Amino acid sequence: MMKLLHRYNFLFASAVYCILFFLLLPLHRFVFDVDGVGYSLVAQHLAEGNFERAINGFWSPLHSWIVAPFIKTGLPVQTIFFCSNAVISVVILYLLKQFSVRLSLTPSQITVLLLASTVLLIQFSFYELAADILLLPFIISWLLLVMRADFCTNYKVQLGCGLLIGFGYLAKTYALPFLGTIHILLLLRHYYITGQNITRQLFLFLLMLGIVCVPWILIISNKYGYFTIGNASRLNLSWFLRGMSDEQSFFHAPTYNDSPGWWEDPSYYKGEVVNMFSSGTYFLKQVKVFLHNGIIFSKTFFQISIVAPLVIIGFLATAVRKKEEPFQKLSIFLVLFPIGYLLTFVDGRYLWIYNVLLLPLGLVLLDRLMNFYQLKSSTKQFFLAMYTVSFLVFPVYTLQQNATNPQWKQIHDIANWFKQNSITQNFTSNRKSSEAQVIAYKSGTRHFQLSNVNVTPAEIASAMQQHTIQHLLYFYTLQKQKEEVVTTMLQYNYKVAEIQPGVLLFSQNK
C-alpha cells in the first residue's frame, strides 16, 4: 500500500488538495480584497471586449487573462479566481515533486512533502483573489532549469528561462527586474569561474525575454504616454516615502465614469511621485525603510516555521562550505530575490516562494544530519514529522483567521444594504477605503477616497457638496465619535441611517 502511495504521491496529494479546496470554498465565499477588484475589472473588461480598459499598467495582466474566458459563465468572480488558484496549486504540486526529485529526496520524503504542501497551497489559494500564487510555478520551473548541470551552456535552457521569466513578468512585474537580474548574474558567475564565453547564451535569454515582455511594455507605455514596465512598483515606492496624499484634490476620484473607485487603475494618481533620488531626505528615509523592512523580513521567517531561519542559515552555510553547484545557485536566488520588496513593505505573500522551497531544502539538511548521527528509523520519522508540522502551524492559523474574519461578511452585508436601499450614487468614507472600494464594486456604486484622512466631518461634508458626492459611509468605534459626526452632518442637511453597529450612512436630503 505504501509503495503504491509513494508511486502515485502526486495524484494522491492533488486529490487531497481538491477535497480540502471544495470543503473550504464555502467558508471563503465572502473573501474579496481590494486588489481583487482591480484584477476582476481587468478580466471583466477583457471578457466584454473592452480592450482599452483591459490594458492596465498597475495590475499584472496574466491572471486576469486566464480567468477572462470564464467570466461569462455566470459564476461569482471570486469563485472563478479561487478555482484558477486551485489549478495553479496542482501545477505547483507537480513542480515541487520535480524539484524534490532534483534534490534526491526519497519517495517517502516526497510523499510527506507533497501532502504538507497541500496545506500551504490551500492557504495561498484563499488568501486573496489573485495574490502572488501565479508567480510561483514560473519561479520553480525556472529554478529547475537553473539547477541543471548544463544551465549555462545549453542554448535551449536559456530560451526556456527567458520564456519563464517573461511569463513571470506578466504574472507579477517584480519578476522582470529581479529574476532577470539574478539570471544574468548566474551567467556572469559562470563566466567568472570557467572563463567560457556566455555571449550567445545571454543573447538567447534576452531575445526570448524580449519576445514575451516587449509587446506588453510597448502597449502600456503607449497608453500612459511614458515608458514603463508597470506602474505598481514606481507608485508603491513613492507612497511609502511620502504617503498617498494629493495636494491638488480632496479625493482620489474613480478612474473612469463607471469605475467603483480609483483603485481600478491607480496609474492615474495625480499626486507628486518621488523616489529615493528625489532628495537627500527621501534617500535617508528609503534607507530607514529598507533597514526596517529587513528586520520585519527576518522576523517573518518565523511565520514560515519556527525552524525556517535555521534552515536557510544551514542551507547557505552548506552551499558555501561544500560548494555544491545546485545549492550555490539556489542560495544566490534566496539571498537576492527579496531585495526589491524591502524598499516598500513586507507581506507574507512575498515569502510564499520561501514557504514552498525551504520545506524540501530543510528535508535535505535534516536527512543529512540524521544520517550523520546514525539515528534509528523511528527517531528519524519522529523528527521528520515534527519538522513538517512546524511548516503547517501558521498556514492553518491563517486559514482559520481568514475564513472567520468578520470584515469579509461586513463588506458583503453593507453592499447588500446599499442595493436593497437603492444606493446607486457616489459615496466616500472616513476610513477603511479598501473595504469601501470593495463595497462599491459589489453594489455598483462609486467610491471617492479621501486623499488625506486627517480631516474633520465638516471638511468632508463641505468637499462632498463641491464634488457631487451624495453619501458618506462613516465607521466609528466610540459613541462620542458618532454623536459628533451626526451633529455635524445634520447641520449640512444630511440624513443618517445606521447600517449596522459602528457603521453609519449619511445621505443628502432631497
Cβ-Cβ below 6 Å, separation at least six or inter-chain, first residue in region 128-153 and in contact (Cβ under 8 Å) with a residue 12 or more places away in the chain, second of a type in the set (D, E, K, R): which pairs?
Glu128/Asp33; Ala131/Arg349; Asp132/Arg349; Leu135/Lys172; Val146/Lys329; Met147/Arg102
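Output the number of residues of region 338-390 satisfying the condition of being of a type in the set (Phe, Trp, Tyr), under 20 Å from the mean Cα position of the chain (by Cα) and within 23 Å of Ile140 (Cα to Cα). Quick ask: steps written out before the conclusion?
Kept after step one, since they are of a type in the set (Phe, Trp, Tyr), are these residues of region 338-390: 341, 345, 350, 352, 354, 372-373, 382-383, 387.
Imposing the further condition that a residue be under 20 Å from the mean Cα position of the chain (by Cα) reduces the set to 341, 345, 350, 352, 354.
Narrowing further to those that are within 23 Å of Ile140 (Cα to Cα): 341, 350, 352, 354.
Result for region 338-390: 4.
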Contacts under 6 angstrom Cβ, first residue in region 40-62 being farther than 21 Å from Leu235 by Cα, partner hydrophobic (A, V, I, L, M, F, W, C) and surrounded by fewer than 21 Cβ atoms within 10 Å (Cβ to Cβ), 6 or more apart:
Ala43/Ala68; Ala43/Ile71; Gln44/Ile71; His45/Ala54; Leu46/Ala54; Leu46/Ala68; Ala47/Ala68; Ala47/Ile71
Test: Val438 is of a type in the set (A, V, I, L, M), farther than 26 Å from Val112 by Cα, in a helix (DSSP H, G or I) and in contact (Cβ under 8 Å) with a residue 40 or more places away in the chain
yes
Scan region 429-459 residue by residue and report those that are surrounded by 24 or more Cβ atoms within 10 Å (Cβ to Cβ) and under 10 Å from Phe251 (Cβ atoms).
His447, Phe448
Over 20 Å from the mean Cα position of the chain (by Cα) and more than 22 Å from Val438 (Cβ to Cβ) - does that describe any residue in region 75-94?
yes
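Run down Gln158, Gln98, Gln123 and say which single residue is under 30 Å from Val31 (Cα atoms), at pLDDT 95 or above and assigned to a helix (DSSP H, G or I). Spell out the reasoning first.
Working: Gln158 fails: under 30 Å from Val31 (Cα atoms); Gln98 fails: under 30 Å from Val31 (Cα atoms).
Gln123 is the lone residue from the list that is under 30 Å from Val31 (Cα atoms), at pLDDT 95 or above and assigned to a helix (DSSP H, G or I).
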Here are the criteria: (1) within 23 Å of the chain's Cα centre (by Cα); (2) under 28 Å from Phe124 (Cα atoms); (3) not aliphatic (A, V, I, L, M). Tell me which single one Gln449 does not satisfy.
(2)
Restricting attention to region 253-303, which residues are in contact with a helix residue (DSSP H, G or I) (Cβ under 8 Å, 6 or more places away or on another chain) and of a type in the set (A, V, I, L, M)?
Ala253, Val273, Val274, Met276, Val289
With the requirement that a residue be within 20 Å of Trp65 (Cβ to Cβ) and among the small types (Gly, Ala, Ser), what does region 109-156 give you?
Ser125, Ala130, Ala131, Ser141
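For region 64-88: of the residues being in contact with a Cys (Cβ under 9 Å, 6 or more places away or on another chain) and surrounded by 18 or more Cβ atoms within 10 Å (Cβ to Cβ), which is nearest to Phe138 (Cα to Cα)? Quick ask: steps written out before the conclusion?
Filtering region 64-88 for residues in contact with a Cys (Cβ under 9 Å, 6 or more places away or on another chain) gives 67, 70, 75, 86.
With the extra rule that they be surrounded by 18 or more Cβ atoms within 10 Å (Cβ to Cβ), the set shrinks to 67, 86.
Working: Val67: 18, Ala86: 16 Å.
Looking at residues that are in contact with a Cys (Cβ under 9 Å, 6 or more places away or on another chain) and surrounded by 18 or more Cβ atoms within 10 Å (Cβ to Cβ), I get Ala86.
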Among the listed residues Leu291, Leu342, Leu310, identify the single one that is in contact with a Gly (Cβ under 6 Å, 6 or more places away or on another chain) and over 30 Å from Ala463 (Cα atoms).
Leu342
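Going through Leu176, Leu207, Leu188 one at a time, which residue ends up being buried (at least 19 other Cβ atoms within 10 Å of the Cβ), part of a helix (DSSP H, G or I) and not small (Gly, Ala, Ser)?
On the way: Leu207 fails: buried (at least 19 other Cβ atoms within 10 Å of the Cβ); Leu188 fails: buried (at least 19 other Cβ atoms within 10 Å of the Cβ).
Going through Leu176, Leu207, Leu188 in turn, the sole match is Leu176.
Do we find a residue being surrounded by fewer than 22 Cβ atoms within 10 Å (Cβ to Cβ) and within 16 Å of Gly348 (Cβ to Cβ) anywhere in region 104-111?
Of the residues in region 104-111, the ones surrounded by fewer than 22 Cβ atoms within 10 Å (Cβ to Cβ) are 104-109.
Adding the requirement that they be within 16 Å of Gly348 (Cβ to Cβ) leaves none.
No, that holds for no residue.
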From the option list Phe333, Phe327, Phe427, Phe345, single residue qualifying as of a type outside the set (A, V, I, L, M), outside any helix (DSSP H, G or I) and closer than 30 Å to Pro177 by Cβ is Phe345
With criteria (1) touching a residue at least 40 places away in the same chain (Cβ under 8 Å); (2) within 30 Å of Leu392 (Cβ to Cβ); (3) not hydrophobic (A, V, I, L, M, F, W, C), Lys299 comes up short on (1)
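The values are calculated or read from the model by the stated rules, or taken from the named source; none is laboratory data. Fair warning: this is a prediction, and the values are worked out from it, not measured in the lab. Neighbour counts run over all protein chains shown; Cβ positions are idealised from the backbone, glycine included.
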